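*Asks:* One structure is given below, represented as structure tokens, and several questions about it will come after.
The values are calculated or read from the model by the stated rules, or taken from the named source; none is laboratory data. Because the structure is predicted, anything quoted here is derived from the model rather than measured. For neighbour counting, all protein chains shown are included, and Cβ atoms are generated from backbone atoms with ideal geometry for every residue, glycine included.
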């Protein structure tokens, strides 16, 4: 069984600094409201878990699906970062975004 993970969405400014943080299990409308409120075109996924920091196949699918669905709204996925006790993995740094 996989370890429990927390998943948050970060609304970012144009220099990728966090403006607002949302739990991923909130209604998607709250995320869109936050993006509009902060006039942001950038979103990041931040994931914390106790297992290793390498992405699972489900992480990759989530990142691809979210990135694809944000494009028509002129919103881009800045990164998906996985933090764990053993380290950190960035999809952007790995060339996956």
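*Asks:* I'm trying to understand the selection: among the residues of region 11-29, which are surrounded by 12 or more Cβ atoms within 10 Å (Cβ to Cβ) and farther than 18 Å from residue 71 by Cβ?
*Replies:* 13, 18, 19, 20, 21, 22, 24, 26
*Asks:* Of all residues in region 13-40, how many are at negative phi, outside any strand (DSSP E or B) and at pLDDT 90 or above? Working first, answer last.
*Replies:* Keep residues of region 13-40 that are at negative phi, which gives 13-15, 17-38, 40.
Narrowing the set further to residues that are outside any strand (DSSP E or B) leaves 13-15, 17, 24-38, 40.
Adding the requirement that they be at pLDDT 90 or above leaves 13-15, 17.
Number satisfying all stated conditions: 4.
*Asks:* Is it the case that region 41-51 has a residue that's outside any strand (DSSP E or B) and modelled with pLDDT under 85?
*Replies:* yes
*Asks:* Now for a different question. Which residue pairs have Cβ atoms under 6 Å apart, sit 6 or more places apart or on different chains, and have a first residue in region 80-97 that is at pLDDT below 90 and a second that is loosely packed, with under 15 Cβ neighbours inside 10 Å?
*Replies:* Final answer for the pair search is 86/52.
*Asks:* If I filter region 1-12 down to residues being modelled with pLDDT of 85 or more and over 15 Å from residue 78 (Cβ atoms), which single residue comes out as nearest to the chain's Cα centre (by Cα)?
*Replies:* Among those that are modelled with pLDDT of 85 or more and over 15 Å from residue 78 (Cβ atoms), it is 7.
*Asks:* Across region 52-68, what is the number of residues that are surrounded by fewer than 17 Cβ atoms within 10 Å (Cβ to Cβ) and not in a helix (DSSP H, G or I)?
*Replies:* Total satisfying the criteria: 3.
*Asks:* Additional query: Please determine whether any residue of region 69-82 is more than 13 Å from the chain's Cα centre (by Cα) and part of a loop (DSSP other than H, G, I, E, B).
*Replies:* yes
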